[in-house]
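Colleague: Quick one: the structure is below, and I'll ask about it shortly.
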Amino acid sequence: MAAAATCGTGAGSTASMASEASKSNVTSFQRRGPRASGTDSGGTRLVSIAGTRPSVRNGQLLVSTGLPALDQLLGGGLAVGTVLLIEEDKYNIYSPLLFKYFLAEGIISGHTLLIASAKEDPADILQELPAPLLDDNCKKELDKDVYNHKTPESNVKMKIAWRYQLSPKMEQIGPVSPSRFGHYYDASKRIPQELIEASKWHGFFLPEKISSPLKVEPCSLTHGYLKLLQFIQNIIYEEGFDGSNPQKKQKNILRIGIQNLGSPLWGDDVCCTETCDNSHSLTKFLYLLRGLLRTSLSACIITMPTHLIQNKAIIARVTNLSDTVVGLESFIGSERETNPLYKDYHGLIHIRQIPRLNNLICDESDVKDLAFKLKRKLFTIERLHLPPDLSDTVSRSSKQDLAESAKRLGPGCGMMAGGKKHLDF
């Protein structure tokens, strides 16, 4: 009986403890997200920065490149602390647009800008930034573009490329606000002067920074690269982008834009000869720059005329020292300009490298064949769609031209149309 009483007492105490635990909701799991009261004691502070969002794959803080379609291809955006290298097109027509979209996105998001150039004054570059599109105007422009591409036969499924009918759209429409991630811009208009005056930016114009030419030792940084690196380092340390000032309540992102890096205007001769004296100057600058970005709240975009660099080994080292590499291939001056396969596009875009951050694999898009076109107001990136070859109105000669053009495409988009025989239904 005593034993039974003891067991009964123990069972009662256990039941009472369980009931108390259930009343107090004690659990081994703790919520890390924002609570209903609005306090966010367990969440990270970096998410609260305007114009940023964490990656759904690796938790890395991301900023927008200014093109929502390009953000989608890069795994959600450009990671903070990384370098985006834009390989310029042959005539440098379209790469400045990506450069300006990146800077315009920084102004709309309230980020600090650092613009470096050896060709144009940074103040003049700011005046040429595109104007943001409001949500209603953006919807009208995109709807107008879709309407212009519609034909009376657009409702017939066999008149279009059937392999792309179920493909998801590359871009989506959303409201324009500083807190939103990614905006659309009107290339035909300039950003309002009020937004430029309200923004905070720093300019580095190489002709103004170099008073007299200095002799630089071989295999070291050129004078222009050294001045630029010191300028970036001072801005990061003085304004607390490295996190050295924890008392600063408002955190912000530093967007760095460097134009035409590696060109002779920067005092580099990698584009002039294959065996240059300062062949390691460019790669050493990228190595030191990436070290500064890794320990600061900053993101950098660099445009480089890689088609002028004669030494392929330097291009390989530059690619390895960059985190994300995007190449632009314009149709101007090439055979594809008159090719009927590319009549709806202005060039091709190549995603050459995507970084592996906090992960063993990169968030690579399954879309390989990409093309871009510049309309009057919008710069768009789309899937490269082959023209339909299933209509009876297509002449035999045009079919042969399309088949020969598709053969030159190689693997990828022209695999099905590259044969000698066409599909019959």
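The values are calculated or read from the model by the stated rules, or taken from the named source; none is laboratory data. Because the structure is predicted, anything quoted here is derived from the model rather than measured. Glycine gets a Cβ as well: all are built from the backbone with ideal geometry, and neighbour counts include every protein chain shown. Side chains are part of the model used for accessible areas, which takes the heavy atoms of the whole protein and leaves out ligands, DNA and RNA. Shrake-Rupley method; radii C 1.70, N 1.55, O 1.52, S 1.80 Å.
Colleague: Under the rule of at least 5 residues apart or a separate chain, name every residue whose amide H is placed under 5 Å from the amide H of residue 269.
Modeller: The answer is 278.
Colleague: Something else about it: Suppose each label sits 7 Å from its Cα in the direction of the beta carbon; what would the residue 312-residue 265 distance come out to in nanometres?
Modeller: Once both label points are built, they end up 2.9 nm from each other.
Colleague: Taking K and R as +1 and D and E as -1, what net charge do the other residues with C-beta under 9 Å from the C-beta of residue 185 add up to?
Modeller: +1
Colleague: Please compare each pair in 90/119; 119/377; 100/312 to a cut-off of 20 Å on the Cα-Cα distance and tell me which ones are over it.
Modeller: Over 20 Å Cα-Cα: 119/377; 100/312.
Colleague: Roughly speaking, what is the stretch gain from residue 242 to residue 319, that is 0.36 nm per residue apart minus the C-alpha to C-alpha distance, in nm to one decimal?
Modeller: Length difference between fully extended and current span is 25.2 nm.
Colleague: List the residues whose amide H sits under 5 Å from the amide H of residue 190, counting only those 5 or more places along or on another chain, with H placed 1.01 Å from N in the peptide plane.
Modeller: Excluding prolines and chain starts, which carry no amide H, the hits are 131.
Colleague: Let me ask something else about it. Please compute the modelled spin-label separation between residue 352 and residue 56, points set 7 Å along Cα→Cβ, answer in nm with one decimal.
Modeller: Going by the 7 Å Cα→Cβ label model, 3.0 nm.
Colleague: Would you kindly derive the ³J(HN,Hα) couplings of the range 61-67 from the backbone phi angles with the Karplus curve 6.51 cos²θ - 1.76 cosθ + 1.60 (θ = phi - 60°), listing them in order in whole Hz, with x for Gly and Pro?
Modeller: For the range 61-67, the Karplus-derived couplings read 6, 10, 10, 7, 7, x, 10 Hz, x marking Gly and Pro.
Colleague: Right, next: Once amide H atoms are built 1.01 Å from N in the peptide plane, which residues 5 or more positions from residue 53, or in another chain, come under 5 Å H to H?
Modeller: Distant-sequence amide H within range of residue 53: 62.
Colleague: For residue 343 and residue 90, compute 0.36 nm times the residue count separating them, minus their Cα-Cα distance, and round to one decimal in nm.
Modeller: Net length gain for the segment: 89.2 nm.
Colleague: Leaving ligands, DNA and RNA out of it, rank 190, 356 by accessible area with a 1.4 Å probe, largest first.
Modeller: Result, largest first: 356, 190.
Colleague: Go ahead and run the numbers for FRET between residue 274 and residue 229, Cβ-Cβ distance against an R0 of 25 Å, rounding to 0.05.
Modeller: 0.45
Colleague: On to the next question. Please find the FRET efficiency linking residue 197 to residue 48, where r is the Cβ-Cβ separation and R0 is fixed at 30 Å, and quote it to the nearest 0.05.
Modeller: Efficiency for this residue pair is about 0.70.
Colleague: Name the shape class, rounded, prolate or oblate, that the alpha-carbon gyration tensor gives for the range 274-384, where a ≥ b ≥ c are the square roots of its eigenvalues, rounded holds for a/c under 1.5, and otherwise prolate holds if a/b is larger than b/c and oblate otherwise.
Modeller: oblate
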